[in-house]
Every structure is written in structure tokens, then in C-alpha cells.
Amino acid sequence: MSRVAIVTGAASGIGLATANALLDAEPDLALAAVDLSEIPAALRDRGATGYGCDVADHAAVGETVAAVARDLGPPELLVNSAGIQIHAPALELSFADWSRLLAINLGGTFSFCQAAGRHMVERGRGAIVNLASISMFFGFPQRLPYIVSKCGVGGLTQTLAVEWAPHGVRVNAVAPGMVETPILSGGLASGVINRQVAENAHAVKRLGTPEEIAAAIVFLLSDAASFVTGEILCVDGGFRRVKV
């Protein structure tokens with residue numbers, strides 16, 4: 001019987017790259033691609049099943065995971081990649097925007113971990129990878145709710161790892177540096193992010209690709225990482241090592 005994986009934010013960016021990388025590694029994987037946007041046809045052609053879900057809606061997440069379990073089987077792998085970014089000075093940030101970002105980035109991650117985790121704990125096996133960010137380790141101006149959400153993802157990851165380890169479930173996170181995703185492209189286009197400055201902030205002097213982050217996620221989900229849990233793996237091109 002094929003294993004079942006859920007990837008949120010699977011329509012683009014790191015989520016899409018991860019969905020493809022998982023299918024490369026395990027072609028018979030039953031993959032549930034979750035996103036409010038339409039899943040790319042190329043991913044559907046590889047056998048992925050699309051599910052529309054607002055990850056900020058806790059009840060909708062439970063219904064989506066139940067549908068996946070009914071359609072494909074109980075999930076054994078989960079990648080929480082869905083997320084948004086908001087750029088605004090803290091003094092001008094609306095509470096509505098604060099709440100919306102936290103509901104998606106942190107609330108959605110919790111909801112999917114809880115709903116899918118029930119199946120994993122019951123079956124005595126499973127692996128989860130959450131998307132944190134290198135920004136959780138620094139103070140980045142005008143990105144307050146995003147950074148708070150990623151700090152929360154880190155705490156969520158480490159706590160669930162300890163709680164669920166006795167049940168055979170591993171929970172890890174990756175903390176990417178700046179990656180060529182639609183979110184970053186929006187920041188570059190708006191002038192919030194300067195490409196040259198961003199590239200120079202990494203020791204490798206370039207931005208990352210979604211595929212590079214996906215490779216780390218696939219490793220953490222694999223049996224090769226069977227002794228790894230509660231880890232926040234920085235995949236950042238040496239971002240933390242550069243003094244600017």
C-alpha cells in the first residue's frame with residue numbers, strides 16, 4: 001500500500017517543489033496537494049490529488065485531513081508550507097493583518113499537525129516537517145507578525161517532537177534563508193527587498209531555490225533522518241555567518 005503525504009501550499013514555491021521532490025523520491029506516493037489556488041496540471045499529471053483548504057480555518061483543516069484519509073488513506077507524511085508575508089512598520093500594522101498572518105502561518109501549521117498527527121500517533125509512525133524561517137533568529141524590521149509566527153512554528157515543532165516521539169512520530173522544521181519564491185518576488189518587485197543586498201547577506205552570495213529547500217525537507221521525512229526529531233534545520237546559504 002502506498003504511503004500518503006500531505007503538502008500544504010503546494011501550488012507554488014517551496015510547497016510545489018517539495019511535492020515534486022517527494023514524488024521523485026517515491027513515485028508511488030499518494031500525495032495530497034493542499035492549496036486555495038489551483039494545483040498545477042503538471043503535478044496532477046504525476047498523480048497528485050488537489051484539495052482546496054483555507055489553512056486558517058481550523059474546522060476546514062480537520063475536514064480536509066478527514067477527506068484525505070478517506071480518499072487516499074491515513075497520512076504518514078506532512079509538510080506545512082502554506083504561508084504569507086506582510087511588510088509594515090509595527091506602529092502601522094493593523095490588528096487584522098497581524099491576526100490573519102498568525103492564523104495562516106502558525107494556526108494553520110498547528111491545525112494540520114493536530115489533525116494529521118492524530119492518524120500518525122494512532123498508527124505509531126509518521127514524519128512532519130514545518131516551515132520556519134531564518135528570520136526567527138534575528139530582528140527584521142517591518143516583518144513583525146511573520147517573525148513571530150516563525151518563532152511559534154519553532155516552539156510548536158520542538159514541543160510536538162517531544163510529545164509524539166514515544167508514538168513513533170518525528171517532527172522537524174527547516175529554516176530557509178531568502179529563497180526565490182512568489183513571496184520574495186513580491187518583496188523585490190515592491191522595493192521592500194533589494195536583490196543585491198539580499199544576495200550579499202548570504203555567504204554563497206545568491207538566493208536559494210525552492211528545490212534546495214525541498215531537498216532538505218525530503219531528507220527530514222526520509223528514513224535517513226530516523227534519529228532526527230525536534231530539529232530546526234537552517235538551509236540558508238550561510239546567512240547567519242555573514243557580518244554586514
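All of the numbers you see were taken from the coordinates with simple rules; none came from a lab. It should be emphasised that the depicted structure is a prediction, and the values quoted were computed from it without experimental measurement. Every residue, glycine among them, receives a Cβ derived from its backbone with ideal geometry; neighbour counts consider all protein chains shown.
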Thr49 vs (1) under 22 Å from Leu101 (Cα atoms); (2) touching a helix residue (DSSP H, G or I) at 6+ places or on another chain (Cβ under 7 Å); (3) free of Cβ contacts under 8 Å to residues at least 40 places away in the same chain: all pass except (1)
Filter the stretch 125-170 for residues that are among the β-branched types (Val, Ile, Thr) and touching a helix residue (DSSP H, G or I) at 6+ places or on another chain (Cβ under 8 Å); which is surrounded by the most Cβ atoms within 10 Å (Cβ to Cβ)?
Ile128
Determine if the stretch 92-107 includes at least one residue that is part of a strand (DSSP E or B) and in contact (Cβ under 8 Å) with a residue 12 or more places away in the chain.
no
Can you tell me how many residues in the stretch 150-179 are among the polar types (S, T, N, Q), in contact with an Asp or Glu (Cβ under 9 Å, 6 or more places away or on another chain) and closer than 24 Å to Trp98 by Cβ?
2
For the stretch 140-159, indicate whether the set of residues that are more than 19 Å from Ile183 (Cα to Cα), touching a residue at least 12 places away in the same chain (Cβ under 8 Å) and in contact with a His (Cβ under 7 Å, 6 or more places away or on another chain) is non-empty.
no
I'd like the full set of residues that are more than 20 Å from Asp223 (Cβ to Cβ) and assigned to a strand (DSSP E or B), limited to the stretch 120-169.
Leu131
Selection from the stretch 190-244 of residues that are over 30 Å from Ala25 (Cα atoms), of a type in the set (Val, Ile, Thr) and assigned to a helix (DSSP H, G or I)
Val197
Take the stretch 38-59 and flag every residue that is surrounded by 15 or more Cβ atoms within 10 Å (Cβ to Cβ) and either assigned to a loop (DSSP other than H, G, I, E, B) or of a type in the set (A, V, I, L, M, F, W, C) (or both).
Ile39, Pro40, Leu43, Arg46, Ala48, Cys53, Asp54, Val55, Ala56, Asp57
In the stretch 60-80, residue surrounded by the most Cβ atoms within 10 Å (Cβ to Cβ) [restricted to those that are within 18 Å of the chain's Cα centre (by Cα) and assigned to a loop (DSSP other than H, G, I, E, B)]
Pro75
Hey, could you check the stretch 1-37 for residues that are of a type in the set (Val, Ile, Thr) and part of a strand (DSSP E or B) and say which is farthest from Ala60 (Cα to Cα)?
Val4
